[in-house]
1. Describe numerically, in nm with one decimal, the distance between label points set 7 Å from Cα along Cα→Cβ at Tyr43 and at Leu179.
2. Just to confirm my numbers, what's the Cα centroid distance between the stretch 147-167 and the stretch 46-67 in Å?
3. Among [x] -0.42, -0.69, -0.81; [y] -0.30, -0.58, -0.78; [z] -0.21, -0.43, -0.62, only one was calculated for this model; which label is it, if the read-out is log10 I(q)/I(0) by the Debye sum over Cα atoms at q = 0.07, 0.10, 0.12 Å⁻¹?
4. For the stretch 108-211, report the % of Cα-Cα distances exceeding 20 Å.
5. Between Ser92 and Phe193, what length comes free when the chain is fully extended (0.36 nm per residue of separation minus the Cα-Cα distance, one decimal in nm)?
6. Connecting C-alpha atoms closer than 10 Å in a GNM of the chain, tell me which of Glu195, Glu47, Glu74 has the biggest fluctuation.
7. Scattering from the C-alpha atoms of the stretch 14-137 alone, worked out with Debye: what is log10 I(q)/I(0) at q = 0.12, 0.21, 0.22 1/Å?
8. Could you tell me the calculated FRET efficiency between Asn201 and Val83, based on Cβ-Cβ distance and R0 = 45 angstrom, to the nearest 0.05?
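Coordinate-derived values only; no laboratory data. Since the structure is predicted, the reported quantities are computational estimates derived from the model, not experimental observations. Quick reminder, even Gly has a Cβ in these numbers, built from the backbone with ideal geometry, and neighbours come from all protein chains shown.
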Amino acid sequence: MTDKIPSLVEPLADNDLSSAGNRLFPVFLKLENLSLLIVGGGYVGMEKLSVVLQNAPSGKIKLVATQISDEIKELVAGRENVVLVERPYQSSDIDGADIVFAAVNEESVSRQVSSDAKARGKLVNAADKPLLCDFYLGSIVQKGNLKIAISTNGKSPTIAKRVKELLNETLPDEIDELLGNMQLIRNKMGGDFAEKVKQLNEITKKLSQDK
């Protein structure tokens, strides 16, 4: 009998997936307040690193890989917040990390990284290995301060990409200016929270009405 690997998020059984719907809990993490470990220095590692830097350019990141691509080295050149370690992964690499990414194509390495992370109570994402993940990375739409994350529960990255394209085309860039104006209005309002919400609802009601 093998010991069960502890996890912060228990994966759904296969026979539960079809009827459960999307039971993922959406959150927005302040990655710049956390320490990240990325295991993998190839295409997948580059992909994860790029996404993290786009959303948290000052985040503390350690990337470990037997071989690190020139593209990754060029991407992080001059970034003091990113540390590259070119050697095989060791379980001790997880020490000090809050979140772990297994960004490799080798399943044995992904399983080892995931097992080590879970044993230490760390959240882990393993590329293309849903059952090893505590969380997934969704497609992201960003217009200034407005950020929308899209999840298909791992069913179809292609659909997530199409929804992202649709929202990017539909939402005007000026919506960020609108957000700024709404913040100014909110700060000038008097009354309690419920009254402020009521007034803001009235102001923004036309945004959802048909022309």
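1. With each label point 7 Å from Cα toward Cβ, the separation is 3.3 nm.
2. 22
3. [y]
4. 62
5. Working: separation 101, 0.36 × 101 = 36.36 nm, distance 4.77 nm.
Contour length minus the Cα-Cα distance gives 31.6 nm.
6. In this elastic network of the chain, the residue with the biggest mean-square fluctuation among Glu195, Glu47, Glu74 is Glu195.
7. Log10 of I(q)/I(0), two decimals: -0.43, -1.23, -1.34.
8. On the way: r = 47 Å, r/R0 = 1.05.
Taking R0 as 45 Å, the efficiency between Asn201 and Val83 is 0.45.
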